[in-house]
Amino acid sequence: MRCQSCTYSCTRTATSSKAEHILTQPSLKLAIFVLFTLISAGANAQQAASSPFQSDFTACSKPLTFQEQRALGSKKVTAERNITQLQRQLSQSGAADSALRESRESQVHQLQIDLVQTMERLECAQLSKSQDPILRGPGTAPPNFVEVRIPYATDRTVAQGNTDPEKHFTGSLDSNFNDFSYGVARITIPTQRKPGELNLPAYWSLVSKSDPSRYFVMHDLTDLSRDAWMKQLTGGDGRPSLLLFVHGFNVSFSDAAFRTAQLAHDLRFPGKVMFYSWPSAGTVTRYWEDEDSSRISTPRFQKLLAGLLKQNFSHIYVVAHSMGSRIVISSINNLASQGVDVSKVSELILAAPDFNEIEFKDIASAFEGLKAKGTHVTIYASSNDFALRVSRVIHSYRRLGQSDPLPNVFPGLDSIDASMIAPMRRAFGHSYVCDNAQVIGDMEDIVLHGLLPHDRGLLAIPQTLGGWSFPK
């Protein structure tokens, strides 16, 4: 798990008693001193020349194929093994055969050069998967913002005659629904920000709201047919993974787009990204209207998800926030009960789910069964979530995303209490899954690395069987 406040120190591994004995011999101490002197002198003499260890920034502009990455990975393992063998032979050989030692030391040196270059090339391949073009030649200033293009599907009605892309879609249901509106949102993200920050201007601000170096900006929307949209979403080599975000209550279309861009960017997600925007009214006082909209939109989303499951994605990671969890939970459960293979949904993240806990208990066993087929569920909950407290008052039933006094725990599912790191002062404690750097880091470990809770640095909650919490 990534820790934003941790400091890291280098530690030296303890040497064996045999090695310590060898290094205490006076003759070898002198030899080591002479060797370091020669290395330093050689390095100084080559200052003007091109060093074999000098970083080759141009290499990072050349994308690697899957076969090249495999070949480089194999080359790296072989080089590391050969270096270890030669170093072991050097430690066991005597000082008499100086010619043999010199030959082996030369081999080690050349292998180390090859290994560094291989590692650099592999690192470039990893960096090229990032949304940020952050690796450049020396002296180049970092960009003030990066541009991302996020595909979307929505069943909101279109605001006729409104040219502002942020207000292109309303908060109302399409009463004559035949199919979704498909398209791509072009968004810029400022680079001078911390993970989790969604930089938007205050309503009263007099500064330019279109300054991409300071704020998230939606520049335009490109309307697409379903076929063109699906082709763009699935295009490219191989079988990409997909991150699908479904927002919650009180969220406008533009808010959903910005949050998806921020989440994908901060997660450093290497695959395709999209969001589904159901017709939330975007107003706190219209909570009951949002409930109706989410209920009506559920079978629509179910058809959308069924279509995505048929595509060439290797994995689909679904993040459902708040009331959006009602749409996603019901859709996946319904599809599975109909015999549809939902195993491509390898991870379902229920973020502060506004879902009746009793209702979920009745279907939790179905999701436990899906785990054996490849679909894992992670539930983030908090005792500081004021929005869910309000929902509990409205419905008279505890919500799945509440953890007071303890989080809901279900066999085969991971329940994580984020109360320690989810203060109420931000969005009434309801948006911690998207705006908290530690939670984002934990989600990154789930999505990108497939780590289990104990491998992510989470702590088991003693009073539960399967509950976890973030460390203080």
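The values are calculated or read from the model by the stated rules, or taken from the named source; none is laboratory data. This is a predicted model, so every value here is computed, not measured. Neighbour counts are summed over all protein chains in view; Cβ atoms, including those assigned to glycine, are modelled from backbone coordinates with ideal geometry. Just so you know, the surface numbers come from the protein's heavy atoms only, side chains and all, with ligands and any DNA or RNA stripped out. Shrake-Rupley method; radii C 1.70, N 1.55, O 1.52, S 1.80 Å.
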Exclusive hit being surrounded by 13 or more Cβ atoms within 10 Å (Cβ to Cβ), under 29 Å from the mean Cα position of the chain (by Cα) and at pLDDT 80 or above, set 104, 186, 193, 121: 186
Tell me the residue from 447, 433, 439, 390 that is of a type outside the set (Lys, Arg) and open to solvent by 20 Å² or more (accessible area, probe 1.4 Å), please. 390
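For residues that are assigned to a helix (DSSP H, G or I) and in contact (Cβ under 8 Å) with a residue 60 or more places away in the chain, scanning just region 306-341, find the one that is farthest from residue 431 (Cα to Cα). Give the derivation first.
The first filter runs over region 306-341 and keeps only residues assigned to a helix (DSSP H, G or I), leaving 306-309, 324-337.
Remaining after also requiring in contact (Cβ under 8 Å) with a residue 60 or more places away in the chain: 307-308, 324-325, 327-328.
Numbers: 307: 29, 308: 27, 324: 13, 325: 14, 327: 18, 328: 18 Å.
Looking at residues that are assigned to a helix (DSSP H, G or I) and in contact (Cβ under 8 Å) with a residue 60 or more places away in the chain, I get 307.
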For residue 398, indicate whether it is open to solvent by 10 Å² or more (accessible area, probe 1.4 Å) and in contact with a helix residue (DSSP H, G or I) (Cβ under 6 Å, 6 or more places away or on another chain). yes
For residue 364, are the conditions met, namely being surrounded by 16 or more Cβ atoms within 10 Å (Cβ to Cβ) and in a strand (DSSP E or B)? no
Given (1) at pLDDT 95 or above; (2) in contact with a Leu (Cβ under 8 Å, 6 or more places away or on another chain); (3) open to solvent by 10 Å² or more (accessible area, probe 1.4 Å), number of the condition residue 371 does not satisfy: (1)
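Condition check ((1) of a type in the set (Asp, Glu); (2) surrounded by fewer than 24 Cβ atoms within 10 Å (Cβ to Cβ); (3) closer than 23 Å to residue 445 by Cβ) across all residues:
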{"site": "259", "(1), (2), (3)": "no, yes, yes"}
{"site": "290", "(1), (2), (3)": "yes, no, no"}
{"site": "295", "(1), (2), (3)": "no, yes, no"}
{"site": "318", "(1), (2), (3)": "no, no, yes"}
{"site": "326", "(1), (2), (3)": "no, no, no"}
{"site": "341", "(1), (2), (3)": "yes, yes, no"}
{"site": "345", "(1), (2), (3)": "no, no, yes"}
Only residues that are over 17 Å from residue 282 (Cβ atoms) and in contact with an Asp or Glu (Cβ under 8 Å, 6 or more places away or on another chain): list them for region 148-180, please. 177, 180
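Is it the case that residue 284 is farther than 22 Å from residue 430 by Cα and either at pLDDT below 90 or crowded, with 22+ Cβ neighbours inside 10 Å (or both)? Spell out how you get there, then give the answer.
Working: farther than 22 Å from residue 430 by Cα: no; either at pLDDT below 90 or crowded, with 22+ Cβ neighbours inside 10 Å (or both): yes.
No, not satisfied.
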Which of the residues that make up region 159-192 are part of a strand (DSSP E or B), aliphatic (A, V, I, L, M) and touching a strand residue (DSSP E or B) at 6+ places or on another chain (Cβ under 6 Å)? 184, 185, 187, 189
Across region 147-167, which residue is farthest from the chain's Cα centre (by Cα) among those that are closer than 19 Å to residue 300 by Cβ and buried (at least 17 other Cβ atoms within 10 Å of the Cβ)? 157
For the subset of region 230-252 comprising residues that are closer than 21 Å to residue 320 by Cβ and of a type in the set (A, V, I, L, M, F, W, C), which member is most open to solvent (accessible area, probe 1.4 Å)? 249
Single condition residue 405 does not satisfy, out of (1) within 26 Å of residue 251 (Cα to Cα); (2) at pLDDT below 90: (1)
